[in-house]
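Some notes on the structure that comes next.
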Amino acid sequence: MPTLNAGARGSFTRTQRFLLGAAVLLTAGAGLTQVAGAGQLTRFAVSGLALAALAGLVGEAADAFGERVGPSITGLTQATLGNLPELFVGIFALNRGLYVVVRSALVGSVLGTSLLVLGCAFAAGGLRHGVQKFEPQEPRLTTTLLLLAVAALLVPTLAEHLNTPAAAHTDTLSAICAVLLLVVYACSVGWSLVRGRGAERKPPPEGTWSLRLSVTFLVAASAASAAASDWFVAALEPAAKSLGLSVTFTGLVVVAIASNAVEQVVGIRFAVDGKPDLAVATTLSSPLQVALFLTPVLVLLSDVIGPSTLTLVFPPLLVAALAVSALVVLAVVFDGEYHWVEGVALIGLYGIIAGAFWWG
């Protein structure tokens, strides 16, 4: 974590100093529980608290970063750093052959962020500020690309479950889909960066962290959250068994929420602060990156780090849930405004989907 020198100390509020101290102490505590061989529930609780503190710290840094670079680049950068825990969780799970957990966690990450987190952001921002308006062009593109990612999952899934000639080649088909998704993702990144440079931005408020300081905290806190997420998930499997949770529900809900704690805090924070453009861009950038970047990367890496290939053949209900959520989000963001009732509707849809997987 960065240290506070005399010149920088004055730019920290009491809340920011508290978050920094809590993040350092809890992350160190989570590491000590691993070294000391503490009980699984203790590791689970301490690492979960560390994640929460780190997420709050990243929220402060992302806020300052957004004031200086605008919503497009902020959303891209925040999604990249915020999904580091998800990447490490996927790698570790693949190495142990936990393919059901990986698939359900990837889908759960998209559903949790695009429905639950976006819904909480809309509800919190709408209740506090009334109807909020935002620039709809980029959110429309994001949700359109999410629909493309759903199609990339749907084709191998249908090929397998309909017993087509391609069913014997789902490994190759999944690899082809993964490469094409990465190409589309690279194009979308280039578009976002070009658009972000050309956007007109207001000067940041007095006292806002410098770009260098905000980036330093973003990188350091996100890296620490990756370690904390690994500890959290390592203790999660035995804890889930003791609580009677199914493997699919654990990956879809618990692992996805734990490894995306950063986005959950940041998007809601922007909405509460009356920054709808940043709230929408930051929140939707995360599921897009999971769908277009993280998922295909794990597919291509699975042959190297796992016992077998991770294919894009998913349970049909998971793919259907993704398709429904992408269509609903597209409908919600299309008009460029939101209010709290729309947020409640998104949260309700997430609850319905999660409930369908409670039994596995």
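Considering only the stretch 276-312, state which residues are more than 13 Å from Phe122 (Cβ to Cβ) and either of a type in the set (Gly, Ala, Ser) or not in a helix (DSSP H, G or I) (or both).
Within the stretch 276-312, Ala281, Ser285, Ser286, Ala291, Ser302, Gly306, Pro307, Ser308, Thr309, Leu310, Thr311, Leu312 meet the criteria.
Which of the residues that make up the stretch 14-41 are at pLDDT 80 or above and among the hydroxyl-bearing types (Ser, Thr, Tyr)?
Hits for the stretch 14-41 are Thr27, Thr33.
crowded, with 18+ Cβ neighbours inside 10 Å, modelled with pLDDT under 80, closer than 30 Å to Asp335 by Cα and not charged (D, E, K, R), is that true of Gly190?
No; evaluated as a whole, the condition is false for this residue.
If we keep just the residues of the stretch 317-347 that are of a type in the set (Gly, Ala, Ser) and free of Cβ contacts under 8 Å to residues at least 60 places away in the same chain, which is surrounded by the most Cβ atoms within 10 Å (Cβ to Cβ)?
Taking the candidates together, the pick is Ala320.
Looking only at the stretch 223-257, count every residue that is among the polar types (S, T, N, Q) and either closer than 22 Å to Val290 by Cα or under 16 Å from the mean Cα position of the chain (by Cα) (or both) and tell me the total.
4
Can you tell me which residue among Trp359, Trp340 is among the aromatic types (Phe, Trp, Tyr) and modelled with pLDDT under 90?
Trp359
Pro276 - would you say it is over 20 Å from Ala30 (Cβ atoms), crowded, with 22+ Cβ neighbours inside 10 Å and in contact with a strand residue (DSSP E or B) (Cβ under 7 Å, 6 or more places away or on another chain)?
Yes, satisfied.
So which residues in the stretch 160-177 are of a type outside the set (Asp, Glu), under 20 Å from Pro316 (Cβ atoms) and in contact (Cβ under 8 Å) with a residue 60 or more places away in the chain?
Hits for the stretch 160-177 are His161, Thr170, Leu173, Ser174, Cys177.
Scan the stretch 105-127 and give yes if some residue there is among the polar types (S, T, N, Q), outside any helix (DSSP H, G or I), touching a residue at least 60 places away in the same chain (Cβ under 8 Å) and over 21 Å from Pro307 (Cβ atoms), otherwise no.
no
Within the stretch 260-271, is there a residue that is buried (at least 23 other Cβ atoms within 10 Å of the Cβ), at pLDDT 90 or above and under 18 Å from the mean Cα position of the chain (by Cα)?
So far as the stretch 260-271 goes, yes, one or more of its residues are buried (at least 23 other Cβ atoms within 10 Å of the Cβ), at pLDDT 90 or above and under 18 Å from the mean Cα position of the chain (by Cα).
What residue, among those in the stretch 279-316 that are of a type in the set (S, T, N, Q) and farther than 22 Å from Ser192 by Cα, is surrounded by the most Cβ atoms within 10 Å (Cβ to Cβ)?
The extreme case among them is Ser302.
The values are calculated or read from the model by the stated rules, or taken from the named source; none is laboratory data. For clarity, every value in this text was computed on a predicted model and none was experimentally measured. Ideal geometry is used to build each Cβ from the backbone, glycine not excepted, and the neighbour counts take in all protein chains shown.
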